[in-house]
Structure formats: structure tokens, C-alpha cells
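Coordinate-derived values only; no laboratory data. Since we're looking at a predicted model, the values are computed, not measured. As a convention, Cβ positions derive from the backbone with ideal geometry for all residues, glycine included, and neighbour counts pool all protein chains shown.
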């Protein structure tokens, strides 16, 4: 059975049947971010106002580095998916939607990878 309208069928705007898994993924990432944010705060809050060598020394623990990397992975993936939903809901031009979604992915992946690289460099540098 085909639920596409004639216009949606022609323009390719019908349901992609991925809405439920996308919704569930966003909710799972939200729940995962609760303990990850608490861990992030416990790691970073004591370092506020500390000098560079103290911060680097505190972040050289592999457990702390791994926790921060997981935090930033989940945070930027959650950000990407959330912004994509906002773009899809509030931008009405198909060309703009596609361009903004690509820019959104580029932004989130760039800053996420930069954060992960910086943490990995501090944690695992010799």
C-alpha cells in the first residue's frame, strides 16, 4: 500500500520510514547525556581557573580522557540530529533544507572531531 500523495511521490518528499528510529535514537542519546554531563562536570569543574600545566596533568588520565571523548561524541551526534529536525521542520525550501543539513553535519563533525583530537592529544601524548 502506497501512502504517498501524487506530489510527494514525484518530488521524493514522502516518508522515509526512519522517523521512529531517529526519534528513539535522540531519546537514548538524551538519557546517555545525563550521566555523561555529570561526569564531565566532575572532571572539568575543579580545573576552572587552574593553570595550563595543572589542566594538562589532570587530563592525562586515560579514564578521564575516555569519558570526555565519549561525552563529546554523544553530544555532537545529539546536536546534529536535533538541529536536523529543526531544519526539516522550519525550513520549507527543499534546496535550503539539503544545504543546511549538509552544513549542519559539517559543523558538528568538524567541531566534534577537533574536540576529540584535542582530548586524545592531551591524554595520550608522551
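General remarks:
- Distance in nm between pseudo-label sites at residue 63 and residue 90 (7 Å out along the Cβ direction from Cα): 4.2
- Option label - P(r) over Cα pairs in 10 Å bins from 0, in percent computed here, alternatives (1) 9, 19, 18, 19, 15, 11, 6, 3, 0; (2) 13, 45, 28, 11, 3, 0; (3) 11, 31, 27, 17, 9, 4, 1: (3)
- Computed from the C-beta positions of residue 120 and residue 79, the FRET efficiency with R₀ = 22 Å rounds to 0.65.
- For the chain, the longest principal axis of the Cα atoms and the long axis of helix 62-90 meet at an angle of about 20 degrees.
- Value of relative contact order over the chain, rounded to a whole percent, pairs C-alpha under 8 Å and six or more apart: 30
- Taking the longest Cα principal axis of the chain as reference, the axis of helix 19-44 is set at about 10 degrees.
- Relative to the longest principal axis of the Cα atoms of the chain, the long axis of helix 94-124 lies at roughly 20 degrees.
- Which of 92, 22 has the fewest Cβ neighbours within 10 Å, and the rest in rising order: 92, 22
- Whole-angstrom gap from segment 33-57 to segment 70-126, using each part's C-alpha centre: 22
- Treating r as the C-beta distance of residue 56 and residue 110 and R0 as 22 Å, the FRET efficiency rounds to 0.40.
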